[in-house]
Amino acid sequence: MLCLFIKRNWFISQFSFHVFDHPLTRGFQNRFSTQYRCYSVSMLAGPNDRSDVEKGGKIIMPPSALDQLSRLNITYPMLFKLTNKNSDRMTHCGVLEFVADEGICYLPHWMMQNLLLEEGGLVQVESVNLMVATYSKFQPQSPDFLDITNPKAVLENALRNFACLTTGDVIAINYNEKIYELRVMETKPDKAVSIIECDMNVDFDAPLGYKEPERRAQHQEEPASEYMSETNKAFTGSGNRLDGKTKGIEPSPAPLAPSDIKRGIPNYEFKVGRITFIRNSRPQAKKTTDDDDAMNRFIAFSGQGQSLRKKGRKP
């Protein structure tokens with residue numbers, strides 16, 4: 001009986017040794033996976049204001065997680081997959097600090113909304129490796145996002161506080177003391193990508209609730225009102241001089257009726273390629289014989305000169 005007991009214990013020890021030394025088991029040991037009770041950043045105790053956590057996509061974990069991660073052969077940067085098993089919701093994030101209390105992690109409020117988590121709810125945290133992002137498409141959740149002058153620059157500056165993106169998440173960015181929510185519609189090359197040190201193309205979809213402005217049809221010219229009728233003419237009154245004289249004051253001419261307007265005589269001698277200018281010149285007055293005789297008798301510089309000094313001329 002004693003020999004049988006020793007052999008049994010030797011078999012168990014050998015079996016245990018070979019199981020835990022299996023390569024597949026060593027692969028599972030290199031993966032970080034644990035559960036924490038999650039709280040929003042506003043519940044984080046401490047004198048310092050940690051509102052910066054709300055502006056990004058990173059969480060705060062306890063120091064024991066850093067100790068466990070340092071023993072595992074994981075790749076950097078550290079990226080994690082958060083899963084709410086009760087609602088079957090998941091997202092991805094990075095880690096900012098390891099200063100939380102043991103068994104607790106602190107999440108941004110928008111991340112807790114995506115996971116449908118309440119204060120003190122359980123969340124599964126697992127280490128993952130994500131591909132580098134090359135393309136992403138966002139949909140603003142409010143038309144107010146169109147008021148931003150350069151939305152791509154604002155989004156690029158806000159994504160510096162994020163480590164990864166997950167298709168279907170609604171992220172929140174803070175700009176000019178106002179929070180804008182954007183839904184991640186598409187990411188490439190995978191549904192969850194890393195955006196750390198990447199060259200990513202960004203595109204925007206139409207904001208939620210946005211309506212195209214209606215184009216007004218060009219209306220026909222409205223008829224002239226009674227104030228602009230043909231009978232009303234501007235400045236039709238009579239003027240008065242300060243000196244009381246009436247010279248030079250003439251009544252304003254009466255408007256011509258359409259029947260009084262006469263058409264001109266057409267030019268029957270018109271030829272194609274030739275332009276004729278017709279000028280209304282005044283007829284010259286006929287010269288009389290008296291004028292012709294006067295012009296003939298007139299001789300220029302034919303008078304005699306006079307001298308102020310009366311001196312005899314030299315012979």
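On inspection, MET43 passes the criterion of being at pLDDT 70 or above, of a type in the set (A, V, I, L, M, F, W, C) and open to solvent by 60 Å² or more (accessible area, probe 1.4 Å).
Filtered by the rule that a residue be out of contact with any Lys or Arg (no Cβ under 7 Å at 6 or more places or on another chain) and either hydrophobic (A, V, I, L, M, F, W, C) or open to solvent by less than 30 Å² (accessible area, probe 1.4 Å) (or both), the range 111-120 gives MET111, MET112, LEU117.
Condition first: modelled with pLDDT under 65 and either surrounded by 10 or more Cβ atoms within 10 Å (Cβ to Cβ) or hydrophobic (A, V, I, L, M, F, W, C) (or both). Now tell me which residues in the range 233-258 satisfy that.
Filtering the range 233-258 for residues modelled with pLDDT under 65 gives 247-252.
Across the range 233-258, the qualifying residues are ILE249, SER252.
Scanning the range 167-206 for residues that are touching a helix residue (DSSP H, G or I) at 6+ places or on another chain (Cβ under 7 Å) and open to solvent by 70 Å² or more (accessible area, probe 1.4 Å), which turns out farthest from TYR76 (Cα to Cα)? Full working, then the answer.
Going through the range 167-206, the residues touching a helix residue (DSSP H, G or I) at 6+ places or on another chain (Cβ under 7 Å) turn out to be 169-175, 180, 195, 202, 204.
Of the ones still in play, those that are also open to solvent by 70 Å² or more (accessible area, probe 1.4 Å) are 174-175.
Values: ASN174: 27, TYR175: 30 Å.
Top of the filtered list is TYR175.
The set of residues in the range 56-96 being surrounded by 19 or more Cβ atoms within 10 Å (Cβ to Cβ) and basic (Lys, Arg) consists of LYS58 alone. The range 80-161 holds strands (runs of 3 or more DSSP E) entirely within its bounds, and those carrying 3 or more residues that are in the same structural domain as SER42 (by the TED database) and closer than 19 Å to ASP52 by Cβ map to 89-97, 104-107.
The values are calculated or read from the model by the stated rules, or taken from the named source; none is laboratory data. Note that the structure is a prediction, hence the values are computed from the model and not measured. Note that we place each Cβ from the backbone using ideal geometry, even for glycine, and neighbour counts take in every protein chain shown. Remember, those area values only see protein heavy atoms, side chains included, never the ligands or the DNA or RNA. Shrake-Rupley method; radii C 1.70, N 1.55, O 1.52, S 1.80 Å.
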